1. Around ALA16, what is the net charge, scoring Lys/Arg as +1 and Asp/Glu as -1 over all other residues with Cβ under 10 Å from its Cβ?
2. Is it possible to state the helix-based mean residue ellipticity at 222 nm for the chain, with each DSSP H run of 4+ residues giving -39500 (n - 2.57), the sum divided by total residues, to the nearest 500 deg cm²/dmol? What is it?
3. Above 17 angstrom, tally the Cα pairs of segment 138-220 and express them as a % of all pairs, no decimals.
4. Go through LEU209, VAL72, LEU135 and say which Cα lies farthest out towards the positive end of the charge dipole of segment 12-214; charges sit on Cβ, +1 for Lys and Arg, -1 for Asp and Glu.
5. Mind putting a number on the dipole of segment 101-211 about its Cα centre? Charges go on the C-beta only, +1 for Lys and Arg and -1 for Asp and Glu, and I need it in Debye to the nearest 20.
6. Among ASP22, ASP154, ASP78, which one moves the most in a GNM of the chain with springs linking Cα atoms closer than 10 Å?
7. I want to verify a result. In a Gaussian network model of the chain, Cα cutoff 10 Å, which of these has the top mean-square fluctuation: ALA165, ALA100, ALA45?
8. Pulled fully out, how much extra length does the chain show between ALA75 and ARG27, if you take 0.36 nm times their separation in residues and subtract their Cα-Cα distance?
Amino acid sequence: MTWFLPAPAAHLPALAARLRIDRRLDRPVVALTFDDGPHPQGTPAVLEELARFGARATFFLVGEQVRAHPDVARAVADAGHEIGVHCDRHTLLLRRPPPAVELDLARALESIRAATGADPVLHRAPYGVYSSGALRIVRRLGLRPLLWSRWGRDWERRASAASIARRAAAGLRTGDVVLLHDSDAYGARGSWRKTAYAVPSLLEAIATLGVPADSVTHST
């Protein structure tokens, strides 16, 4: 049996709950998460904005990007942010048999550990899509799958900093996990700039809730 969990499934809580995939946190924070990096311009731009606000985030790294930009990956870890694993090659998991998924994850983990010194505990599938086989492998490797409850759709060509912040902050609640991207490697060219410009507005929206912006698994 194959389960198809599409990217909009972050908005389908019943399905995510059935598969035991978290979308939210049970502690008083809002988690900003960034996929698809590291990126030589996008990641430093995002790190700068997070540092200005004293905020921590979780970065789901891609193995092939880590090998291309190991110093940038290391900078994420050195700044105190959480490192998660996204994939090695950004390919829909449904297109891969379980052995290929396992090899992809193993290579990604090896590259991430070598570059950052971190041992990831979180996983997010490309496009938010898990097959049943991929989900079993992720958990067997000791990784916790995580989706999101808010997103900015910042990978779209038509997105702007204002639209990203507005969409991600709409209905924002304590415990939300916000999906963003610090890289344009798999999205619209230059999209990272809009994301970086949107981060301050999102952090201000989080501050109005009276809770910190923090990484997913770090304690406040």
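1. +3
2. -12000 deg cm²/dmol
3. Here the tail beyond 17 Å accounts for 51 percent of pairs.
4. Toward the positive end, the furthest listed residue is LEU135.
5. With only Lys, Arg, Asp and Glu charged at Cβ, the dipole is about 300 debye.
6. In this elastic network of the chain, the residue with the biggest mean-square fluctuation among ASP22, ASP154, ASP78 is ASP78.
7. ALA100
8. The span from ALA75 to ARG27 would gain 14.6 nm if fully extended.
Every number here is computed from the coordinates shown, using simple stated rules; none is lab data. Small disclaimer: the values here were computed from a predicted structure and weren't measured. Counting neighbours? That spans all protein chains shown, and the Cβs are built from the backbone with ideal geometry, glycine included.
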